[in-house]
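Everything on this sheet refers to the single structure shown next.
The values are calculated or read from the model by the stated rules, or taken from the named source; none is laboratory data. Computed from a predicted structure; not experimentally measured. With ideal geometry, Cβ positions are generated from the backbone for all residues, glycine too; neighbour counts draw on all protein chains shown.
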Amino acid sequence: MSNYSAPIRDMQFVMQELAGLAEVAALPGNEEVSPDLVDAILEEAGKFAGGVLAPLNRIGDQEGAKWDHGTVTTASGWREAYRQFSEAGWTAVAGDPEYGGQGLPKLVSTAVMEMWKSANMAFSLCPMLTTGAIEALMLRGSDEQKTMYLPKMVSGQWTGTMNLTEPQAGSDLAAVRTRAEPQGDGTYRIFGQKIFITYGEHDLTDNIIHLVLARLPDAPEGVKGISLFVVPKFMVNADGSLGARNDVHCVSIEHKLGIHASPTCVLAFGDKGGAIGTLVGEANRGLEYMFIMMNEARFAVGMEGLALSERAYQHALAYAKDRVQGTEAGVRGGPKVSIIHHADVRRMLMSMKSQTEAMRALAYVVGAATDLAHHHPDEAVRVTNQAFVDLMIPVVKGWCTENSIEIASTGVQVHGGMGFIEEAGAAQHLRDARITAIYEGTTAIQANDLIGRKIARENGATIGGVIAEMRKVEGQLADSQGENLVAIRRSLANGIDALEQAVAYILATYNQDIKAASVGSVPFLKLLGVVAGGWQMARAALIAQRKLQAGEEEGGFFQAKLVTVRFYADHVLAQAPGLAYSVVNGAAGALDLPEELF
């Protein structure tokens, strides 16, 4: 079992220096969000993550969740950990104070979320889905629904789920067949089956609030005919107490590659007369409402990619410092050394470290932009930040999760043969990471959304503004001295050039040949992630250089940051021109081979 120590210093640096914590704290409603409060939250969250959740990570992987005639039992220690988690107020960090939440900014909850996911991803999935359900009910639920469900969901007494996928539908939600029959009293009876429902059944709380997509009898075909319903596991009486068991049951849980402790359920609605639900918002607008949950979940899954990368890096680093093997290259007759002294191990560790820090920087900046989009008093600022968030959510989701698979695999490689042995623990991070690029829409779904809705539809307006901001940082690097900053500027400039070339191709091609543009969508998403991460890392390098020149304390931290950015520039950002080439020139090789020749 590996230990987990929250990277609080880097979190503080990113929040304060890159994401603009001071600006977020100045927003209306954030008057009490002082640096001292944020530091205290991070410290306490780090203690809980490392002391309570991380030790259960391996136990959960080995034991998994258990299904028995519709009942799901979580792994040893899970119920007690969840009780401590909710009683300590961690479920309420970002919740609306009107319903018992703490109302902390997205930027702060993002950092806390990273800790839960690094410490124990399988555990973190339960509060993650609840947060998305809360958000959907906050924005589209009736007053009665909010009063009935939100206080206990915010407090963690009840959890929430999102029910989209069906056996025949997969990601094609137009094929949803679950039906809702009106009863004439404001309720509906729901009939159908949903699959891949995370924490759809468990023993952590005494009620589960399902948000379910279903069709009304007179609904139009396709996605325009889907409505959203609240379907509780137990009915709720007028006084808030639990009533009869609703007609929703878990008929099985999946046997998965990873996240064994998270029950992935098949739920049957209506096998005994119909599950009772109430309509959320207006009829036939369910998919629109569900995307409120989906965007929240997509950002959170991107954070899983970041978090698992951090955990895999810490695991690999500890092993590399401890494992003694071979002599150091160039030291004839020298002593045996720990493998961190070997050049390629250092390269692998720096690859893991630099990409993880780049992902953290970009994700936290997007989190802060969410705060500005929701709460800034200037409408123009809100609109600009919302456009940036919309552009970047598919990148945070797709780029971070794809990276996590590669980074966790590199962690196995650092361990050598021991990494392939389950007892070493490195393999779990890789197995757990593999789902993240599939969850809440595959990487291709994110990438198609990125090039279609976020770039082609608005003719590149938002990404053009982002590129302009990148150029400003390039200009600041040009005015700076030092070998590291010169090298960083060179890679950043080449990366921005590559990004501009790829954007121009998408804008010129998408409406004329959508297939050709779509072949390059995933490489483009990676390109944007790599360059956007490089943009934030370049900002970090400028700040680190300034701090070092000022002789600030923590010189070691800033020196490490500068060297880490240099590695990112030389080894990761340097990939950008090749990715742009694939975006612009890759269609023929993918599309020209006839199906019968595959």
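List of remarks:
- Qualifying helices (runs of 4 or more DSSP H) (wholly inside region 411-515; at least 3 residues being under 24 Å from the mean Cα position of the chain (by Cα) and within 30 Å of ALA297 (Cβ to Cβ)): 426-434, 443-451, 461-478
- When residues of region 506-543 are limited to those that are of a type in the set (Ser, Thr, Tyr) and buried (at least 20 other Cβ atoms within 10 Å of the Cβ), the one farthest from GLY398 (Cα to Cα): THR509
- When GLY95, GLY101 are screened for being part of a loop (DSSP other than H, G, I, E, B), more than 26 Å from ASP432 (Cβ to Cβ) and over 20 Å from the mean Cα position of the chain (by Cα), only GLY101 passes.
Conditions (1) outside the structural domain of GLU80 (by TED's automatic domain parsing); (2) closer than 18 Å to GLY281 by Cα, marked per residue:
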site	(1), (2)
ALA119	no, no
ALA122	no, no
HIS202	yes, no
PRO217	yes, yes
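- Filter result (free of Cβ contacts under 8 Å to residues at least 40 places away in the same chain and aliphatic (A, V, I, L, M)) within region 318-340: VAL324, ALA329, VAL331, VAL337, ILE340
- Residue pairs meeting the criteria (Cβ under 8 Å; at least 6 apart or on separate chains; first at pLDDT below 95, in region 116-131; second acidic (Asp, Glu)): THR131/GLU296
- Screening the candidates ALA373, ALA380, ALA387 for the property of being assigned to a helix (DSSP H, G or I) and touching a residue at least 24 places away in the same chain (Cβ under 8 Å) yields one hit, ALA387.
- Qualifying residue in region 163-179 (condition: assigned to a strand (DSSP E or B) and either in contact (Cβ under 8 Å) with a residue 40 or more places away in the chain or crowded, with 24+ Cβ neighbours inside 10 Å (or both)): yes
This table checks each residue for (1) under 30 Å from THR564 (Cβ atoms); (2) part of a strand (DSSP E or B); (3) under 22 Å from the mean Cα position of the chain (by Cα).
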residue	(1), (2), (3)
GLU23	yes, no, no
GLY29	no, no, no
GLU32	no, no, no
LEU42	yes, no, yes
GLY46	yes, no, yes
GLY50	yes, no, yes
ALA54	yes, no, yes
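- Meets criteria (touching a strand residue (DSSP E or B) at 6+ places or on another chain (Cβ under 7 Å), of a type in the set (Gly, Ala, Ser), buried (at least 16 other Cβ atoms within 10 Å of the Cβ) and in contact (Cβ under 8 Å) with a residue 24 or more places away in the chain) for ALA65: yes
- Among residues of region 183-200 being in contact (Cβ under 8 Å) with a residue 12 or more places away in the chain and among the charged types (D, E, K, R), the one that is nearest to LYS256 (Cα to Cα) is LYS194.
- Qualifying residue in region 331-344 (condition: modelled with pLDDT under 95, in a loop (DSSP other than H, G, I, E, B), outside the structural domain of ASP247 (by TED's automatic domain parsing) and small (Gly, Ala, Ser)): yes
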